[in-house]
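Before any comments, here is the structure.
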Amino acid sequence: MPEYSFDVAIIGAGTAGIAAYRAAVEAGADAVLIERGPGGTTCARVGCMPSKLLIAAGEAAHAARQAGLFGVRVGEVRIDGPAVLHRVRAERDRFVSAVFDSLDEIPDVRRIAGEARFLDARTLAVGPHKVAFSSAVIATGSSPAVPKLLRGLGDRVLTTDTIFEITDLPDSLAVLGGGPVGVELAQAMARLGVAVTVIDTGSTLAGLTHPDLVQAAAEIYAADMTLLRETEIERAEATNAGVRLAWRGADGTRGEGCFASVLSAAGRPPNLAGLDLAAAGLDLDDEGLPRFDPRSLVCHGTPLLIAGDANALRPILHEASRQGTIAGRNAAALARGQSLDAPESWTTLAMVFTHPQTARVGAPYDDGAEDRVVGTASFCDQGRARIEAANQGGIRLWGDRAGRLLGGELIGPEVEHLAHILADAIAAGRTVQDLLDRPVYHPTVEEGLQSALTALARAAPQA
């Protein structure tokens, strides 16, 4: 077995792995990047980029159908499914190609292709190779989960890894999972003419947790699709036309339906199964995940670090990139016996690119927190939103009684921009009054944010 030795071994060449490799090299470490494939990062290949391409197509169809609101007459809107999906793949492949181009900048002698497996806490087997290291970063990403009931149903069952490979849009689609990815794809498909039913076991929706906004989201999305929340799938069977599902709601109501395809959007667990973590001496929790310091990303008592989707901490691209950089820098420090970098976490920032968009920022909603106050605003009669015929949704912000902004949730037009404003303010420790003292141009949707801040300030009069 050929043997190699490096200061730092990076397992996985996705967003976190690439960032870790570059950070380790910049810190002066002799590093190697190990990738089993397929490459291209989850975001570029099967995540945020192709999903946004499908969403853009759905929004174009929806805008054409809604043009009459503005006195613009449009003829029949016809969806060319193969053309929609061809553009999705073509543009997706451009994004993936850009990632491959960046990988090509890494010398071949610093890249090993194959599946890595720990032999011990300082040695990996990668195919016929043995790789010794002083420290290593686990950045193996994640893969879509498929419920047991759906296994064995073949290509009738789609995942977030396979949905963009279909050559035409299905006539009907059941989406299992009402989280961010499930709702994004469900609404896009529905606006492209697919009969969509979303089935979710939980009571939240699209990443939102505040009851008012969850209800608003349910009403908005129900215009495009059927929503079955707090519902369990009891049976799934293949038919000549696709899949027949049977389900039961929380109130005991049962139902069933036939669908051309089923999309499993019930989460993406980390890719850790083939690594033989036990051989590395890692301390694992009940779910088989390594216990690690969420700031330094070092796995307890080992020279190993874990970053990106592999640690399931915050499976979002900007977090994966940041964590990869921290892990690579600390892996180089461990290899040299130097002190570790343990920065504070970024302010939570999560978005869903439905129409309207949703966002969560900062501290989560807590109905029982006695030291918090809440400010509310609605987009339903907000000036700019009405101009754009996008007057749906609202804002819920929370702060402490001293007037400090803590967090919030939003559903409404262009809230991706409002969420960034809030995230920056929370990270900087701004008060509600600090934000209210800043000018807001008229007419913009930012005025909706100002309304929520004003309500929050009134709820904490001593601020």
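The values are calculated or read from the model by the stated rules, or taken from the named source; none is laboratory data. Owing to the predicted nature of the structure, the values given are computational and were not obtained by experimental measurement. Cβ: placed from backbone, ideal geometry, glycine included. Neighbour counts: every protein chain shown.
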| field | Failed item in (1) acidic (D, E); (2) assigned by TED's automatic domain parsing to the domain that holds G178; (3) under 22 Å from the mean Cα position of the chain (by Cα), with E287 passing the rest | value | (2)
| task | Go through the residues of the stretch 224-240 one by one and say whether even a single one is surrounded by fewer than 21 Cβ atoms within 10 Å (Cβ to Cβ), under 17 Å from V352 (Cβ atoms), at pLDDT 95 or above and in contact with a His (Cβ under 9 Å, 6 or more places away or on another chain). | result | yes
| request: Give A44, A83, A29, A9 a once-over and let me know the one that is within 30 Å of H129 (Cα to Cα) and either under 19 Å from the mean Cα position of the chain (by Cα) or part of a helix (DSSP H, G or I) (or both). | output: A44
| query | Restricting attention to the stretch 63-86, does a residue exist that is within 26 Å of E319 (Cβ to Cβ) and either of a type in the set (V, I, T) or crowded, with 18+ Cβ neighbours inside 10 Å (or both)? | reply | no
| request: Six or more apart or on different chains, Cβ under 7 Å: which pairs go from a residue in the stretch 52-78 that's in the same structural domain as R94 (by TED's automatic domain parsing) to one that's of a type in the set (S, T, N, Q)? Could you list them? | output: G58/Q187
| request: Find the helices (runs of 4 or more DSSP H) located wholly in the stretch 359-444 whose residues include 2 or more that are in contact with a Leu (Cβ under 6 Å, 6 or more places away or on another chain) and either outside the structural domain of Q215 (by TED's automatic domain parsing) or modelled with pLDDT under 95 (or both), and list them. | output: 415-427, 432-436
| query | Just to be sure, is A266 under 13 Å from A174 (Cα atoms), modelled with pLDDT under 95 and either under 27 Å from the mean Cα position of the chain (by Cα) or in the same structural domain as N330 (by TED's automatic domain parsing) (or both)? | reply | yes
| note | Flagged in the stretch 257-277 as outside any loop (DSSP other than H, G, I, E, B) and either closer than 24 Å to V183 by Cβ or touching a residue at least 24 places away in the same chain (Cβ under 8 Å) (or both), in numbering order, are G257, C258, F259, S261, V262, L263, S264, P270, G274, L275, L277
| said: I'm told A265 meets every condition in (1) out of contact with any Phe, Trp or Tyr (no Cβ under 7 Å at 6 or more places or on another chain); (2) among the hydrophobic types (A, V, I, L, M, F, W, C); (3) more than 19 Å from T354 (Cα to Cα); (4) crowded, with 16+ Cβ neighbours inside 10 Å except one. Can you identify the failing condition by its number? | reply: (3)
| Looking only at the stretch 426-442, which residues are in contact (Cβ under 8 Å) with a residue 40 or more places away in the chain and out of contact with any Ser or Thr (no Cβ under 7 Å at 6 or more places or on another chain)? | V432, H442
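For (1) closer than 17 Å to V146 by Cβ; (2) in the same structural domain as G412 (by TED's automatic domain parsing); (3) touching a strand residue (DSSP E or B) at 6+ places or on another chain (Cβ under 9 Å); (4) in a strand (DSSP E or B), each residue gets a yes or a no:
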{"site": "V175", "(1), (2), (3), (4)": "yes, no, yes, yes"}
{"site": "V181", "(1), (2), (3), (4)": "yes, no, yes, no"}
{"site": "L185", "(1), (2), (3), (4)": "yes, no, yes, no"}
{"site": "V214", "(1), (2), (3), (4)": "no, no, yes, no"}
{"site": "I220", "(1), (2), (3), (4)": "no, no, yes, no"}
{"site": "D224", "(1), (2), (3), (4)": "no, no, yes, no"}
{"site": "E232", "(1), (2), (3), (4)": "yes, no, yes, yes"}
{"site": "G255", "(1), (2), (3), (4)": "no, no, yes, yes"}
